[in-house]
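S.K.: Please find one structure pasted underneath; my questions will follow.
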Amino acid sequence: MTEQPLSHSAVAVRAGRTRFLMLGLVFINIIINYMDRTNLSVAATQMAGELRFTPMEMGLIFSAFGWIYAALQIPGGFLIDRLGARLVYGIGLFAWSLITALHALANSFGALFGLRLGVGAFEAPVMPSNNRVISSWFPEQERASAIGIYSSAQFVGLACMTPLLFHVQDAFGWRGLFLMTGVAGMIWALVWYLLYREPHEHKGVSEAELNYLRSNGALLESRQHTQQPKARWTDLAQMFRSRKLVGIYIGQFTISATFWFFLTWFPTYLVEYRHMGFIKSGYVASVPYFAAFCGVLLAGFASDRMIRRGVSPSVARKLPVILGLFLTLFILGANYTDDATLIVMFMSLAFFGNGLATITWVFVTALAPRHLIGLAGGVFNFTGALSAIVVPITIGALIDGDNFAPALGFIAVLAAIGICSYLFVVGKIEHVSAH
């Protein structure tokens with residue numbers, strides 16, 4: 001009897017599963033990361049009342065994270081390429097969690113603005129680190145699924161943690177909220193540093209799994225045995241000379257814009273402009289987050305399935321993103337109803353679309369020169385992080401009395417720009433040649 005060749009999935013199982021343990025660590029990192037980003041939006045209503053902040057002042061505080069976060073993306077990319085995810089991620093996670101805990105002592109606009117700058121500074125390497133981990137531990141044909149899984153953590157974390165955070169604040173106040181979330185992050189930072197290793201350094205990874213990764217496009221270079229090239233301005237210039245890379249930068253800004261609306265102003269929108277009770281708004285806010293969680297998982301697995309079936313990367317990778325940006329336009333529907341159920345439905349459709357579009361990190365490894373993955377990730381996340389500055393401030397400026405409609409219109413316009421960028425600028429998905 002002729003022995004049948006092993007399928008890809010059978011080979012993957014036989015090779016080992018250590019890579020999924022590493023993905024699990026990243027998954028929890030992201031939950032901690034976004035818990036420390038969204039706790040401010042939960043605290044905003046009570047904080048603004050106690051400290052007498054105007055909407056514009058709250059917009060500036062929301063945006064403070066983004067100023068330094070965006071500025072340090074490119075240096076963060078260089079650090080990841082040279083020092084690795086274990087060290088950079090571990091130090092960053094502990095430091096931003098400590099600063100989060102210090103929010104409990106703040107009593108002024110200046111103090112809170114400065115503390116949010118500190119959180120943004122130490123969270124800056126997070127996304128380039130995630131991308132480096134996935135590029136090292138996952139082969140090409142599993143990468144979108146892995147990105148979908150770790151990206152889903154931000155949504156499932158928000159969905160599950162948001163009601164809990166509302167209850168914590170209700171019980172202990174906004175200062176207690178920051179203290180408890182900060183301490184949780186510091187404890188997890190130590191766990192990450194103790195457990196994470198690169199493929200070549202991990203004692204639990206089998207030779208079969210290493211061979212499987214090596215033969216399917218994972219980046220297994222060891223910094224201990226490879227001389228790292230010096231940072232060059234020409235490398236940075238190359239990140240902006242490619243039309244394809246510029247196209248995904250524009251797209252990332254528009255996709256991140258929707259996310260930052262939900263991460264900053266959405267709870268305030270529900271409480272102050274839709275007049276929902278504080279605890280109720282915590283549960284209502286979780287519904288769009290669950291929708292986005294479903295969207296990002298669907299996009300990742302569907303995209304990889306299309307790749308395995310022979311669909312071109314240009315279609316398999318771009319289709320979920322374009323469809324997701326289109327669904328984001330449904331956010332406008334909330335401007336034309338006062339029915340709470342319809343508002344939640346429109347918001348959930350929009351955030352489901354945002355989840356579909358969130359697999360865009362797959363384009364960094366698909367397009368960027370292999371030796372510049374960290375730098376390309378830094379530039380890519382830099383452009384996305386600019387929305388963390390622009391969106392909170394712009395929404396604060398667009399709010400006119402009780403009228404929130406212009407702010408939602410602004411988000412929809414950005415989504416339309418993102419559709420055009422992926423359709424007309426990015427083009428065919430193929431590696432940009434190194435110069």
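S.K.: Determine whether V271 is of a type in the set (V, I, T) and modelled with pLDDT under 90.
M.R.: yes
S.K.: How about the range 391-411: which of its residues are among the aliphatic types (A, V, I, L, M) and either in contact with a Ser or Thr (Cβ under 7 Å, 6 or more places away or on another chain) or within 18 Å of E57 (Cα to Cα) (or both)?
M.R.: V391, I393, I395, A397, L398, I399, A407, I411
S.K.: Continuing with this model, one more query. For the range 62-149, list the helices (runs of 4 or more DSSP H) that sit wholly inside it and hold at least 2 residues that are farther than 30 Å from G49 by Cα and at pLDDT below 85; which are they?
M.R.: 73-83, 126-137
S.K.: Of (1) more than 21 Å from Y34 (Cα to Cα); (2) open to solvent by 20 Å² or more (accessible area, probe 1.4 Å); (3) touching a residue at least 12 places away in the same chain (Cβ under 8 Å); (4) in a helix (DSSP H, G or I), V390 satisfies all except one. Which?
M.R.: That leaves (1) as the condition not met.
S.K.: Determine, yes or no, whether L349 is without any contact (Cβ under 8 Å) to a residue 60 or more places away in the chain and open to solvent by 20 Å² or more (accessible area, probe 1.4 Å).
M.R.: yes
S.K.: Would a scan of the range 54-61 turn up a residue that is under 17 Å from the mean Cα position of the chain (by Cα) and open to solvent by 20 Å² or more (accessible area, probe 1.4 Å)?
M.R.: No, that holds for no residue.
S.K.: Restricting to the range 197-214, name every residue that is closer than 23 Å to L87 by Cα, assigned to a helix (DSSP H, G or I) and open to solvent by 20 Å² or more (accessible area, probe 1.4 Å).
M.R.: Answer for the range 197-214, where residues must be closer than 23 Å to L87 by Cα, assigned to a helix (DSSP H, G or I) and open to solvent by 20 Å² or more (accessible area, probe 1.4 Å): H200, E201.
S.K.: Go through the range 394-424 and report how many residues are within 22 Å of M127 (Cβ to Cβ), open to solvent by less than 40 Å² (accessible area, probe 1.4 Å) and not hydroxyl-bearing (S, T, Y).
M.R.: 4
S.K.: Suppose we filter G427, G377 for residues that are open to solvent by less than 30 Å² (accessible area, probe 1.4 Å), of a type in the set (G, A, S) and touching a Pro at 6+ places or on another chain (Cβ under 6 Å); which single one remains?
M.R.: Only one candidate passes the filter, namely G377.
Residue-wise test of (1) under 30 Å from P199 (Cα atoms); (2) aliphatic (A, V, I, L, M).
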residue	(1), (2)
G59	no, no
W67	no, no
I74	yes, yes
R82	yes, no
G92	yes, no
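S.K.: Only one of I359, I429, I411 is of a type outside the set (S, T, Y) and part of a loop (DSSP other than H, G, I, E, B); which?
M.R.: Exactly one of I359, I429, I411 is of a type outside the set (S, T, Y) and part of a loop (DSSP other than H, G, I, E, B), namely I429.
S.K.: Quick test for you: out of L40, L83, pick the one residue that is out of contact with any strand residue (DSSP E or B) (no Cβ under 7 Å at 6 or more places or on another chain) and open to solvent by 40 Å² or more (accessible area, probe 1.4 Å).
M.R.: Only one candidate qualifies: L83.
The values are calculated or read from the model by the stated rules, or taken from the named source; none is laboratory data. Computed from a prediction, not measured in an experiment: that's the story for all the values here. Glycine gets a Cβ as well: all are built from the backbone with ideal geometry, and neighbour counts include every protein chain shown. The accessibility values were calculated without ligands, DNA or RNA, using every heavy atom of the protein model including side chains. Shrake-Rupley method; radii C 1.70, N 1.55, O 1.52, S 1.80 Å.
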